[in-house]
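One structure is given below, encoded as structure tokens.
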Amino acid sequence: MSSIIELKNIEKHFEDGKNTRVKVLRNINLDIKEGEIVAVVGESGCGKTTLGKLIVDIHPPTEGNIQYLGREISSLDKKSYKDYRLGVQMVHQDSFAALNPNKTIFQSLSAPLLKHKIVKTKAEALELISKYMEDVELAPVEQFLYKYPHQLSGGQRQRILLARALLVKPKLIVADEPVSMVDASLRISLLDLMAKMNKLYGISFVYITHDLATARYIANNGRVVVMYLGNIVEVNNINDAIQNPKHPYFKALLKAVPVADPTQKGMISQLPLKSMEIPNLKNLAKGCKFNPRCIYATELCESKEPELRELNGGLVACHYAESILGGNEHDKSGC
């Protein structure tokens, strides 16, 4: 499979208002293949949302480059850049904030179609919109088209956002925590919808989440990218990664997943961590950024930052990944 998006040596820094640069992403290398689903997981503040915004060019990288279909996006001509912006879409976490409250659903969905001349008339827009609204299971269409966002439920608005992304026939959709603000009873149906669009139209998905259970559900045949404080620390087939975590951080994440087992008491105290505190991005440790919390850390970890390297079909950034992998026990995590 060819790559839709390639991120090469990406760094992203932000000013904190005090003339201090905060490194939010460091040395990111990642490619997204045609038709695949990649789940990006990690704690809040690890940089996964910023990564998603770089992929859709909401934020430019401070260093490194991003390629779309083999061409660096910063050097694309006007027509090619338009193709890229239509080809890579984003579905946001907050569906209410992502829709104009003063416009009806039809107005919001038809605007990009008319602006980019995908259709010529409102009648053609209505026909195309109706098709995709049926695809995302909002039928009969007439019940939704002329309502305002506040008149719809959170789950319905999230489906509208997915339909809006689909309308421009993208090759890749970045879905940033798309089910976190939806009732638990509706989450599976939305994940099933995205999986259906992946199979029906061959659209790739980057699914950003802190919820390992939903990550495993939607990316069951895809990959997981594990992030920690701006770094990618593990990449692998998601099922193999969950069964055989190579990085101690991901191992701790799996242990933290709640288990419906009354015999499993004191779970937090049993987590394989030296500390529950997440370090400040402005004051990170030298060497491996996880070493202040890692039970396996040695002097080597405190002095030398590990590089992302191949191991058993995946990638891991850990000096002692082989010994950690060799000591894995059967994981009873709920995901």
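The residue of region 69-86 that is farthest from PRO170 (Cα to Cα), among those that are acidic (Asp, Glu) and surrounded by 12 or more Cβ atoms within 10 Å (Cβ to Cβ), is GLU72. Exactly one residue among LEU152, LEU172, LEU113 is surrounded by 14 or more Cβ atoms within 10 Å (Cβ to Cβ) and more than 30 Å from ALA213 (Cα to Cα), and that residue is LEU113.
Consider region 1-25 and keep the residues that are basic (Lys, Arg) and modelled with pLDDT under 95. The one that is farthest from LEU284 (Cα to Cα) is LYS18.
For (1) β-branched (Val, Ile, Thr); (2) in the same structural domain as LEU30 (by TED's automatic domain parsing); (3) crowded, with 21+ Cβ neighbours inside 10 Å; (4) more than 30 Å from ASN280 (Cβ to Cβ), each residue gets a yes or a no:
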{"residue": "GLY202", "(1), (2), (3), (4)": "no, yes, no, yes"}
{"residue": "ILE208", "(1), (2), (3), (4)": "yes, yes, yes, no"}
{"residue": "TYR217", "(1), (2), (3), (4)": "no, yes, no, yes"}
{"residue": "ILE232", "(1), (2), (3), (4)": "yes, no, yes, no"}
{"residue": "ASN239", "(1), (2), (3), (4)": "no, no, no, yes"}
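Please work out if VAL182 is closer than 22 Å to GLU6 by Cβ and assigned by TED's automatic domain parsing to the domain that holds VAL91. Judged against the criteria, VAL182 is not a match. Assess whether VAL141 counts as being out of contact with any Phe, Trp or Tyr (no Cβ under 9 Å at 6 or more places or on another chain), under 19 Å from VAL40 (Cα atoms) and crowded, with 16+ Cβ neighbours inside 10 Å. It is false that VAL141 is out of contact with any Phe, Trp or Tyr (no Cβ under 9 Å at 6 or more places or on another chain), under 19 Å from VAL40 (Cα atoms) and crowded, with 16+ Cβ neighbours inside 10 Å. Restricting region 261-286 to residues that are part of a loop (DSSP other than H, G, I, E, B) and within 26 Å of LYS18 (Cα to Cα), which is modelled with the highest pLDDT? Residue satisfying both the conditions and the ranking: LYS286.
The values are calculated or read from the model by the stated rules, or taken from the named source; none is laboratory data. Keep in mind that what you see is a predicted model, and the values were worked out from it rather than measured. Note that each Cβ is placed from the backbone with ideal geometry, even for glycine, and that neighbours are counted across all protein chains shown.
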